[in-house]
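Note sheet for the following structure.
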Amino acid sequence: MDFGSQIEAKPVPPGSGEGDVPANILIMLDVSGSMSRRTNSGGTRLSDAKKVIKSIVSDSNLTKGANFGLMEWASRAPSINVPISPLSSNLVY
């Protein structure tokens, strides 16, 4: 069947990290007192979480097509430590 029209793919959704619109990812980190508990790794929950975050934002396969930011919270109001931007992965831990 020929309908006489061209078939086109749907555009990539904004923020998917594909095409020319990067995904905006805000990492939220709990910095409350409970994060000072020791883990089996010998570190604290907080130090282990920071290592994982650093490995994510340092991996070029994961950061390609993404902008990162970092928000910390505890018992006080959350604060954005690193706003989401194209260069922010260098500033997150």
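The values are calculated or read from the model by the stated rules, or taken from the named source; none is laboratory data. Remember, it's a predicted structure, so these values are computed and weren't measured experimentally. Note that each Cβ is placed from the backbone with ideal geometry, even for glycine, and that neighbours are counted across all protein chains shown. These accessible areas exclude ligands, DNA and RNA; they are computed on the full protein's heavy atoms, side chains included. Shrake-Rupley method; radii C 1.70, N 1.55, O 1.52, S 1.80 Å.
Using a 1.4 angstrom probe on heavy atoms only, work out the carbon and sulfur share of the accessible area of the range 23-82 in %.
Carbon and sulfur: 53 percent of the exposed surface of the range 23-82.
Residues in the range 61-93, backbone N under 20 Å from the label point at residue 44 (7 Å along the Cα-to-beta-carbon vector): list them, ranges by number please. The answer is 70-82, 92-93, whose backbone nitrogens lie closer than 20 Å to the label point.
Multiplying the sequence separation of residue 58 and residue 90 by 0.36 nm and subtracting their Cα-Cα distance, what value in nm do you get? Write out the running numbers ahead of the final one.
Working: separation 32, 0.36 × 32 = 11.52 nm, distance 0.77 nm.
That pair, residue 58 and residue 90, stretches by 10.7 nm at full extension.
Looking at the range 31-89, the accessible area is 63 square angstrom per residue; that uses a 1.4 Å probe and ignores ligands, DNA and RNA.
Annotation: amide H of residue 67 within the under-5 Å range of 23, 24, 25, sequence separation 5 or more or interchain, hydrogens built in the peptide plane.
Classify the range 32-91: rounded, prolate or oblate, from the alpha-carbon gyration tensor (a ≥ b ≥ c, eigenvalue square roots; a/c under 1.5 rounded; otherwise prolate if a/b is larger than b/c)?
oblate
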